[in-house]
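J.: Okay, here's the structure, questions in a sec.
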Amino acid sequence: MRVLAKVGARQLSAAARAVIPCLWRGKYFSSGKDPVENNPVTPMLRHLTYKIKSTGPITVAEYMKEVLTNPAKGYYVYRDMLGEKGDFITSPEISQIFGELLGIWFISEWMATGKPAAFQLVELGPGRGTLAGDILRVFSQLGSVLKNCDISIHLVEVSQKLSEIQALTLTDEKIPLEQSAGSPVYMKGVTKSGIPISWYRDLQDVPKAYSFYLAHEFFDVLPVHKFQKTPQGWREVFVDIDPQVSDKLRFVLAPCATPAEAFIQHDETRDHVEVCPDAGVIIQELSQRIALTGGAALIADYGHDGTKTDTFRGFCGHKLHDVLIAPGTADLTADVDFSYLRRMAQEKVASLGPIKQQTFLKNMGIDVRLKVLLDKSDEPSSRQQLLQGYDMLMNPKKMGERFNFFALLPHQRLRGRSHQRNDRQSKPSPSPVAGFSELAWK
């Protein structure tokens, strides 16, 4: 679920410091209200205070990157943060139906594009492997449809701990895993259904071929730069040490412009914005791949279409957590700006969405699938679990309207097979894409 791209956030922060005067005016953007005793000194906090004392205040993007993926102390690197005992639960952990419907989506797109002889399923940040497992179960159940297709699984994951859990979830324990720590493909195996599976730390190392890309709750943990509009123009938010409490962090505003300001739109009307260069790099990579070799990308995440402002927050033990308190012990996240993702695709591919999760899953037939599972279930506890999972996924006050689906597809996918023009239209009639319209098997 969570993985960070290896792109230029660090270099950007270094460049920012180069143009910022040493004298920070100490202007507070915000500061935690928690007393010192509620702010434990974690190894990550020690690391960050040393870093800031050495080089000066750091961008929020660099703060996120250090806290989440520092090789020695990063939140994601050595812990399992998912499930009831972790800090958050994702849709695949709530109900098997979620993953099954995404499996149907990929098969539907594969069929709509002429049933190519092979495809790669590439998941960015696969969590515990639960989502991939549910999708693979659908592939097995529809084996008669996919029998002549050569499928391979490719997981992009930086966390050693999570990759071990994914292997336990997905692979056949009778077939030993091939491991090569220094190789771009650091682990290989075979799934329980006999499909080859490989692990990578970087999307760029995944072979370029006809692929379906999946990013579920992936983009929301990529590092963001935060900006506040002031009478002097846009000023970037940095993280600094509180001068009054040496083991406490605070937000400050940069005294002058910083390089990351280039990512803000000239016609921006909000007074606070978050921009994510890493997300732009990944979207451009996906767009180039899809335009070149075909396939599609399906993105599901918290987000908005260029309307929200300050969404940076932390989660610990399933509760909101101050982002500057006890760094390294909580997940950090910011809502995805889908308007920015659309812009970064640069018209190399077509985009659909964002649409609410409730609408997408309803179009995919979640009500029909729920009924089938309820009819098959004799256990009252199982039925209750299915109904509770459905409510969590679909209820507008829960996940139904908080999560959005967004897709990238080749332009020709939306131009229709016949390319015949409707008398009333200047463009060819588009071929329906499941989820973004009602699922229809052909």
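The values are calculated or read from the model by the stated rules, or taken from the named source; none is laboratory data. Here the structure is a predicted model, which means the values were calculated and not measured. Cβ: placed from backbone, ideal geometry, glycine included. Neighbour counts: every protein chain shown. Remember, those area values only see protein heavy atoms, side chains included, never the ligands or the DNA or RNA. Shrake-Rupley method; radii C 1.70, N 1.55, O 1.52, S 1.80 Å.
J.: Out of 53, 115, 73, report the one residue that is at pLDDT below 95, surrounded by fewer than 23 Cβ atoms within 10 Å (Cβ to Cβ) and charged (D, E, K, R).
T.: Answer to the check: 73.
J.: I'm trying to understand the selection: among the residues of segment 225-245, which are of a type in the set (Phe, Trp, Tyr) and within 24 Å of residue 49 (Cα to Cα)?
T.: Selection gives 227, 238.
J.: Sticking with this one: Which of the residues that make up segment 151-174 are under 20 Å from residue 69 (Cα atoms) and touching a residue at least 40 places away in the same chain (Cβ under 8 Å)?
T.: Correct list: 155, 156, 157, 158, 159, 160, 161, 162, 165, 166.
J.: Please pick out the residue among 301, 367 that is open to solvent by 10 Å² or more (accessible area, probe 1.4 Å) and modelled with pLDDT of 95 or more.
T.: Answer to the selection: 367.
J.: Mind checking which pairs have a first residue in segment 175-186 that is touching a residue at least 40 places away in the same chain (Cβ under 8 Å) and closer than 15 Å to residue 159 by Cα and a second that is part of a strand (DSSP E or B) and of a type outside the set (Lys, Arg), Cβ under 9 Å, 6 or more apart or different chains?
T.: Here the result reads none, with nothing in segment 175-186 linked to a residue that is part of a strand (DSSP E or B) and of a type outside the set (Lys, Arg).
J.: If you don't mind, there's one more thing I want to ask. Determine, yes or no, whether residue 198 is touching a His at 6+ places or on another chain (Cβ under 6 Å) and open to solvent by less than 50 Å² (accessible area, probe 1.4 Å).
T.: yes
J.: Mind checking whether some residue in segment 247-256 is touching a Ser or Thr at 6+ places or on another chain (Cβ under 6 Å), in contact (Cβ under 8 Å) with a residue 60 or more places away in the chain and either open to solvent by less than 50 Å² (accessible area, probe 1.4 Å) or more than 30 Å from residue 338 (Cβ to Cβ) (or both)?
T.: Looking through segment 247-256, at least one residue is touching a Ser or Thr at 6+ places or on another chain (Cβ under 6 Å), in contact (Cβ under 8 Å) with a residue 60 or more places away in the chain and either open to solvent by less than 50 Å² (accessible area, probe 1.4 Å) or more than 30 Å from residue 338 (Cβ to Cβ) (or both).
Residues checked against (1) open to solvent by less than 20 Å² (accessible area, probe 1.4 Å); (2) modelled with pLDDT under 95:
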site: 49; (1), (2): yes, no
site: 59; (1), (2): yes, no
site: 62; (1), (2): yes, no
site: 66; (1), (2): yes, no
site: 69; (1), (2): no, yes
site: 82; (1), (2): yes, yes
site: 90; (1), (2): yes, yes
site: 101; (1), (2): yes, no
site: 107; (1), (2): yes, no
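J.: When you go through (1) of a type in the set (D, E, K, R); (2) out of contact with any Phe, Trp or Tyr (no Cβ under 9 Å at 6 or more places or on another chain); (3) without any contact (Cβ under 8 Å) to a residue 24 or more places away in the chain; (4) farther than 28 Å from residue 272 by Cβ one by one for residue 319, which number turns out not to apply?
T.: The single condition residue 319 does not satisfy is (4).
J.: Answer yes or no as to whether residue 407 is in contact with a Phe, Trp or Tyr (Cβ under 6 Å, 6 or more places away or on another chain) and either surrounded by fewer than 16 Cβ atoms within 10 Å (Cβ to Cβ) or at pLDDT 95 or above (or both).
T.: no
J.: State yes or no: is residue 278 free of Cβ contacts under 8 Å to residues at least 24 places away in the same chain and either of a type in the set (Asp, Glu) or buried (at least 19 other Cβ atoms within 10 Å of the Cβ) (or both)?
T.: No, not satisfied.
J.: Is one or more of the residues making up segment 230-240 surrounded by 22 or more Cβ atoms within 10 Å (Cβ to Cβ) and part of a loop (DSSP other than H, G, I, E, B)?
T.: The answer is no; no qualifying residue exists.
J.: Still on this structure, I have one more. Between a residue in segment 203-224 that is free of Cβ contacts under 8 Å to residues at least 60 places away in the same chain and any residue that is open to solvent by 10 Å² or more (accessible area, probe 1.4 Å) and not in a helix (DSSP H, G or I), which pairs come within a Cβ distance under 6 Å, given they are 6 or more apart or on different chains?
T.: Correct list of pairs: 205/184.
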